1. Quickly run through the stretch 178-188 and pick out the residues that are surrounded by fewer than 20 Cβ atoms within 10 Å (Cβ to Cβ) and either of a type in the set (Lys, Arg) or not in a helix (DSSP H, G or I) (or both).
2. Of the residues that make up the stretch 125-144, is at least one under 21 Å from Cys67 (Cβ atoms) and either modelled with pLDDT of 95 or more or over 18 Å from the mean Cα position of the chain (by Cα) (or both)?
3. In the list Ile101, Ile152, which residue meets the criterion of being assigned to a strand (DSSP E or B) and either touching a residue at least 24 places away in the same chain (Cβ under 8 Å) or under 15 Å from Thr194 (Cα atoms) (or both)?
4. Being under 24 Å from Gln248 (Cα atoms) and not in a helix (DSSP H, G or I) is true for just one of Ala165, Ala144, Ala175, Ala132. Which residue is that?
5. Look at Thr18 and say whether it is surrounded by fewer than 17 Cβ atoms within 10 Å (Cβ to Cβ), out of contact with any Gly (no Cβ under 8 Å at 6 or more places or on another chain) and on the phi < 0 side of the Ramachandran plot.
6. Here's a check for you: in the stretch 74-86, which residue that is surrounded by fewer than 20 Cβ atoms within 10 Å (Cβ to Cβ) and of a type outside the set (A, V, I, L, M, F, W, C) is nearest to Asp45 (Cα to Cα)?
7. Looking at Gly95, Gly102, which is the one that is at positive phi and surrounded by fewer than 19 Cβ atoms within 10 Å (Cβ to Cβ)?
8. Right, Thr30: under 26 Å from Glu81 (Cβ atoms), out of contact with any Ser or Thr (no Cβ under 6 Å at 6 or more places or on another chain), in a loop (DSSP other than H, G, I, E, B) and touching a residue at least 60 places away in the same chain (Cβ under 8 Å) or not?
Amino acid sequence: MNFDYSVTFATYNASHFTKQCVESLVRTGTPLERLVVVDNASSDDTREYLATLPLGGRIFNHGNFACGVAWNQGILHFQSEWTIVMNNDLLVSSGWVEDLIGTAIAHNLKIIAPARVDGELDYDFEAFSAQARQTMGQVLRSPAEDAVCMCIHRSVFQEVGFFRATPSMLGFEDAIFFHDVRKAKVARGITGKTWLHHFGSVTQKWMKKSMGLRESDDLVKHNDRRILNQGWLERKLERHQRKKLTRQWRDAELKQYGMTLFADRFNGEFHWR
């Protein structure tokens with residue numbers, strides 16, 4: 001099936017992860033002319049590498065404008081019916097675009113995210129993703145969302161708006177976006193029909209390093225409920241309900257399939273969550 005889609009991600013140093021991500025896209029047949037990369041003033045060889053690629057767009061910012069600004073730039077540069085907004089520190093599996101959009105259309109969803117494994121790449125991801133797709137292909141968590149990779153229909157931007165273009169948010173833009181999505185009752189889900197390997201929050205680690213912070217430090221201290229215009233009790237109840245629903249999904253998936261849509265990989269084992 002031919003879908004009208006584009007892919008975008010932001011970069012900030014850590015070029016080795018960007019290279020692995022691009023190689024993964026090429027290996028799975030994702031046309032690079034559909035990819036828009038926005039670089040937030042990297043100081044390594046990221047820009048030199050991006051200049052060698054036949055991209056659909058490359059945007060070089062003069063400073064670190066954070067993810068919200070970069071994502072919006074990528075979305076607007078290559079306007080399509082579906083935009084896949086993702087991290088640059090991940091690997092994709094065969095048929096990922098078609099499976100994401102096809103699942104969204106089949107279930108009338110406006111935002112769809114893949115299942116994923118976080119952590120060490122000490123296993124055969126291609127073999128794992130093929131088997132996991134076969135086992136979990138019919139599993140759908142809905143309503144649910146995930147910011148590591150999200151395929152978004154253009155109607156969502158018209159109804160909810162784009163990402164908060166405030167550089168000082170530094171990683172909180174997705175939380176605000178999904179808060180608005182939940183308020184608007186946008187149909188969304190996470191599918192087991194396609195899988196990612198996610199190395200971790202590499203971009204944030206590089207940002208923390210450049211700012212002289214430890215990995216355990218927060219990039220910026222936010223008062224979540226005030227930014228989201230929520231009362232203390234409302235915020236607490238919302239978090240409790242989401243955690244409860246996630247536990248229910250996890251328990252049901254483990255009981256039926258022996259695995260779930262999310263895993264951490266460490267010490268040579270999958271830890272399902």
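1. Result: Arg182, Lys183, Ala184, Lys185, Ala187.
2. In the first step, residues of the stretch 125-144 are kept if they are under 21 Å from Cys67 (Cβ atoms); the result is 144.
Those still in the list that are either modelled with pLDDT of 95 or more or over 18 Å from the mean Cα position of the chain (by Cα) (or both) too: 144.
The answer is yes, given that some residue of the stretch 125-144 is under 21 Å from Cys67 (Cβ atoms) and either modelled with pLDDT of 95 or more or over 18 Å from the mean Cα position of the chain (by Cα) (or both).
3. Details: Ile101 fails: assigned to a strand (DSSP E or B).
Only one candidate qualifies: Ile152.
4. Details: Ala165 fails: under 24 Å from Gln248 (Cα atoms); Ala175 fails: not in a helix (DSSP H, G or I); Ala132 fails: not in a helix (DSSP H, G or I).
Going through Ala165, Ala144, Ala175, Ala132 in turn, just one is under 24 Å from Gln248 (Cα atoms) and not in a helix (DSSP H, G or I): Ala144.
5. On the way: surrounded by fewer than 17 Cβ atoms within 10 Å (Cβ to Cβ): no; out of contact with any Gly (no Cβ under 8 Å at 6 or more places or on another chain): yes; on the phi < 0 side of the Ramachandran plot: yes.
The answer is no for Thr18.
6. From the stretch 74-86, those surrounded by fewer than 20 Cβ atoms within 10 Å (Cβ to Cβ) are 76-81; that's our starting set.
From what's left, of a type outside the set (A, V, I, L, M, F, W, C): 77, 79-81.
Values: His77: 23, Gln79: 28, Ser80: 30, Glu81: 32 Å.
So, considering only residues that are surrounded by fewer than 20 Cβ atoms within 10 Å (Cβ to Cβ) and of a type outside the set (A, V, I, L, M, F, W, C), the one nearest to Asp45 (Cα to Cα) is His77.
7. Values: Gly102 fails: at positive phi.
Going through Gly95, Gly102 in turn, the sole match is Gly95.
8. yes
The values are calculated or read from the model by the stated rules, or taken from the named source; none is laboratory data. It should be emphasised that the depicted structure is a prediction, and the values quoted were computed from it without experimental measurement. Every residue, glycine as well, gets a Cβ built from its backbone with ideal geometry; the counts of neighbours run over all protein chains shown.
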